[in-house]
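For reference, the structure is listed below as structure tokens.
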Amino acid sequence: MTNLALKVLIVEDETPAAEKLERYLLRYSEAIEIKGKVESIEDAVNWLEANQSSIDLIFMDIQLKDGVSFDIFKEVKVQKPVIFITAYNEFALEAFKMNGIDYLLKPITFTDLSNSLKKVEALGTQLRWSEERNETINRVIDSTQQKNYKNRFMVKLGDHIKSITSDQISLFFADGRDVYLITNQLRKFIIDYTLESLDEILDPKIFHRVNRSYIVNISAIQDVIVYSNSRLKITSNIKWEPEIIVSREKVSEFKEWFDGSH
């Protein structure tokens, strides 16, 4: 047994497999802490959005009950190293493209797990140095460069092309794979962006992502109401009929943004 101290998330939809993995991890090192266990793509996305900074490593089964875990990376930016687990070896190449530092085939043995964790230990110093270096670089960039946020979008209206500025936009709305721009006049245009990419290019003082389907403009919010299960409900001043609910894991962040302190 070693003294390797790691905080771990397990993404596994088979309870016996998750419990076996947890036993092996604690057998390897009592200093390992299991911070969370989730069983689906949706739960993993929600957990990572709220808690990713609290972990060091992710063990992730590739085939989950609601799809292939590579879809998680389409919904949330995974910034922690991942050890993938699967009963099949056909996914190996793709796994290593997705933050994968190792790939374990089921049924996992304690020897297999130990070899993976030794690799994690060997990479530890290098990973910590890389994170510290990136943080320093980001601080320097932030202090010397003003980010230019996107302030207008080109949309099609029949055979015509229009340019819509950010102050004319009330919200962005995702419906399946399509993303729509909704104007202050309640006009709806499909755009070639994901909500994740919009999150990166919109001014965070003006626009905020409140759940997996909506990004709202601060000026479009007419009222915020305390809703069930510690959530919040947004009323828009453009009479948008579908409910806009601030998801539980985003409530605290939303309040900071709404207060002007985020």
Exercise. When you go through A18, A50 one by one, which is the residue that is touching a strand residue (DSSP E or B) at 6+ places or on another chain (Cβ under 7 Å) and of a type outside the set (K, R)?
Worked result: A18
Exercise. Does I225 fit the bill of being modelled with pLDDT under 95, more than 30 Å from F73 (Cα to Cα), outside any loop (DSSP other than H, G, I, E, B) and not basic (K, R)?
Worked result: yes
Exercise. For segment 228-250, which residues satisfy the criterion of being within 19 Å of D43 (Cα to Cα) and assigned to a loop (DSSP other than H, G, I, E, B)?
Worked result: R231, S247
Seminar exercise, completed: In segment 19-57, anything farther than 18 Å from S114 by Cβ and hydrophobic (A, V, I, L, M, F, W, C) is listed as V38, I41, A44, V45, W47, L48, A50, I55
Exercise. Of the residues that make up segment 133-150, is at least one in contact with a helix residue (DSSP H, G or I) (Cβ under 8 Å, 6 or more places away or on another chain) and either at pLDDT below 75 or within 30 Å of F172 (Cβ to Cβ) (or both)?
Worked result: yes
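Tell me, which residue of segment 172-191 that is over 20 Å from the mean Cα position of the chain (by Cα) and assigned to a loop (DSSP other than H, G, I, E, B) is surrounded by the fewest Cβ atoms within 10 Å (Cβ to Cβ)? Steps first, answer last, please.
Let us first name the residues in segment 172-191 that are over 20 Å from the mean Cα position of the chain (by Cα), namely 180-191.
Applying the additional criterion that residues be assigned to a loop (DSSP other than H, G, I, E, B) yields 184-187.
Working: N184: 17, Q185: 8, L186: 12, R187: 16.
Taking the candidates together, the pick is Q185.
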Exercise. More than 23 Å from K150 (Cβ to Cβ) and either in contact with a helix residue (DSSP H, G or I) (Cβ under 8 Å, 6 or more places away or on another chain) or not assigned by TED's automatic domain parsing to the domain that holds E49 (or both) - does that describe any residue in segment 205-218?
Worked result: no
Problem set entry | Residue ID - surrounded by the most Cβ atoms within 10 Å (Cβ to Cβ), chosen from residues in segment 27-75 that are part of a strand (DSSP E or B) and among the aliphatic types (A, V, I, L, M) | M60
Seminar exercise, completed: Residue pairs within 8 Å by beta carbon, gap of at least six or interchain, first lying in segment 12-27 and in contact (Cβ under 8 Å) with a residue 12 or more places away in the chain and among the charged types (D, E, K, R), second surrounded by fewer than 17 Cβ atoms within 10 Å (Cβ to Cβ) and part of a helix (DSSP H, G or I), listed first then second, are R27/F110
Problem set entry | When residues of segment 1-26 are limited to those that are in contact with a helix residue (DSSP H, G or I) (Cβ under 8 Å, 6 or more places away or on another chain) and in a helix (DSSP H, G or I), the one nearest to F84 (Cα to Cα) | L21
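The values are calculated or read from the model by the stated rules, or taken from the named source; none is laboratory data. Note that the coordinates shown come from a computational prediction; the quantities given were computed from them, not determined experimentally. Virtual Cβ from ideal backbone geometry, glycine too; neighbours counted across all protein chains shown.
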